[in-house]
1. When the residues of region 153-189 are filtered to those that are of a type in the set (Phe, Trp, Tyr) and over 21 Å from residue 199 (Cα atoms), which remaining residue is farthest from the ligand (Cβ to nearest atom)?
2. Return only the number of the condition from (1) surrounded by 15 or more Cβ atoms within 10 Å (Cβ to Cβ); (2) touching a His at 6+ places or on another chain (Cβ under 9 Å) that residue 131 does not satisfy.
3. In region 22-40, how many residues are under 17 Å from residue 121 (Cβ atoms), more than 10 Å from the ligand (Cβ to nearest atom) and touching a Ser or Thr at 6+ places or on another chain (Cβ under 7 Å)?
4. Does residue 19 fit the bill of being modelled with pLDDT of 95 or more, surrounded by 16 or more Cβ atoms within 10 Å (Cβ to Cβ) and more than 30 Å from residue 348 (Cβ to Cβ)?
5. What number goes with the only condition from (1) polar (S, T, N, Q); (2) surrounded by fewer than 20 Cβ atoms within 10 Å (Cβ to Cβ); (3) in contact (Cβ under 8 Å) with a residue 24 or more places away in the chain that residue 54 does not pass?
6. Taking into account only those residues within region 211-242 that are of a type outside the set (A, V, I, L, M, F, W, C) and without any contact (Cβ under 8 Å) to a residue 60 or more places away in the chain, which is farthest from the ligand (Cβ to nearest atom)?
7. Just to check your reading of the model, which residue among 110, 122 is at negative phi, without any contact (Cβ under 8 Å) to a residue 40 or more places away in the chain and near the ligand (Cβ under 10 Å from one of its atoms)?
8. Quick one: in region 149-176, which of the residues that are assigned to a loop (DSSP other than H, G, I, E, B) and modelled with pLDDT of 95 or more is farthest from residue 107 (Cα to Cα)?
Amino acid sequence: MTLLDRIRSRIEDEGALTIAEYMEMALADPEEGYYTSRTPLGLQGDFVTAPEISQIFGEMLGIWCAEVWHMLGKPEMDVLEFGPGMGTLMDDFLRATRKVAGFHEAISVQMVELSPVLRGHQQELLQGKHPRIHWHTHMPESERPWLVIGNEFFDALPIRQFRATEAGFCERMVSLAEDGQGLAFAWENGESSRLPGDFPRMVAGELPVDTIIEICPDAQETLYLLAQHIAEKGGAALFVDYGYTRPEDMDVYAGGDTFQAVKRHEFHDVLETPGEADLTAHVDFSTLADIAVAAGCYTPPVLNQRDFLLRMGAVARLENLLAQARSEAIRKTLSDGFNRLIDKNEMGELFKVLAVMPAGIPAPIFTCETGEEDA
Ligand code: SAH
């Protein structure tokens, strides 16, 4: 039985699935789930991420974290990475911080990874790079302060979609297609005027009819728990992802339908081949920031990836690498990769950086207002 057959028979037995239930099966099914059964990243895979494009990305995250460690008074800490992919980000993070006196001695690395296949890649790459690297499938328990990082983690978590009507929110469900073969979307009638959970705080009757809202319950819960830990035990978190923020003067913002599938570097139908395409949604950064505040932390205004990297001094690092490069081909790869990360038409503006801080600790480089700082 293929994964599609199993999804169909579950719908026959239990009725239509929420998008979250569908994503859960398509991405995390123990045998045929997208993340559990394959290596999705890289040129041979389905998509490429910032750490795979340029080593400078992971290096800058490492330096940012080491700076926070200094500001916190150099405590013993856990460095947690959520969704570490091929392990490249952590490899660059550790190399870039090796010379920060005392940092590697003070940290233990905790990798939170669901996929056994990717965990294998991470273990191979990070072999011997730090004496304390541990793997977990879920957020670990710990009494120490946390430095938390994640790139393209939240976009991979299951979402639910709602549409505002005059009677209340309807939910978008995954059902059986009329041709009896595939899957199709259907709106389930709902009377509830509120969304499940506390965020975002929206009431159906106050929104224009047909507004579509996405929520990501797992992202909300994860962020709440780690922000609570940071508020109580200290630390900081830095998450990079593609997504949107709500304009400051709006209480209500709906990002619309951002549910998408990518297969072999091309957009793909989200319902067509579950388990074979990456399914994601854009991240609602404003809601995540609200949740961090509800958990006792504060968040400086979200920066886009371009501003984050430029303010971190990534251009100087690039120049340094270019000067050391042994061939024109290497120099071109370095420049092209870096430009892809910061270019406004590529990843520079779509990707955003959220910092979650405990009260009283300024977030390095976030403190000044966003603005163009082109070199
Ligand atoms: N950060 C990496 C990989 C991003 S892809 C990079 O930038 O290259 C998303 C990652 O999140 C993968 O490692 C995937 O296996 C992991 N992942 C997805 N859902 C997860 C979950 N619920 N818990 C832990 N890891 C998860």
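The values are calculated or read from the model by the stated rules, or taken from the named source; none is laboratory data. Values in this document were obtained by computation on a predicted structure and should not be read as measured data. Positions of Cβ are generated from backbone atoms using ideal geometry, with glycine treated the same way; all protein chains shown enter the neighbour counts.
1. Filtering region 153-189 for residues of a type in the set (Phe, Trp, Tyr) gives 153-154, 162, 169, 185, 187.
Okay, now just the ones that are also over 21 Å from residue 199 (Cα atoms), so 185, 187.
Values: 185: 23, 187: 27 Å.
Per the stated criteria, the residue is 187.
2. (1)
3. 0
4. Numbers: modelled with pLDDT of 95 or more: yes; surrounded by 16 or more Cβ atoms within 10 Å (Cβ to Cβ): yes; more than 30 Å from residue 348 (Cβ to Cβ): no.
Here the answer is no, as residue 19 does not meet what is asked.
5. Of the numbered conditions (1) polar (S, T, N, Q); (2) surrounded by fewer than 20 Cβ atoms within 10 Å (Cβ to Cβ); (3) in contact (Cβ under 8 Å) with a residue 24 or more places away in the chain, the odd one out for residue 54 is (2).
6. Among residues in region 211-242 that are of a type outside the set (A, V, I, L, M, F, W, C) and without any contact (Cβ under 8 Å) to a residue 60 or more places away in the chain, the one farthest from the ligand (Cβ to nearest atom) is 211.
7. Details: 110 fails: near the ligand (Cβ under 10 Å from one of its atoms).
One residue alone meets the criteria, 122.
8. Our first condition is that a residue be assigned to a loop (DSSP other than H, G, I, E, B); within region 149-176, this holds for 152-153, 157-159, 165-168.
Remaining after also requiring modelled with pLDDT of 95 or more: 152-153, 157-159.
Details: 152: 23, 153: 22, 157: 27, 158: 31, 159: 33 Å.
Only one residue tops the list, namely 159.
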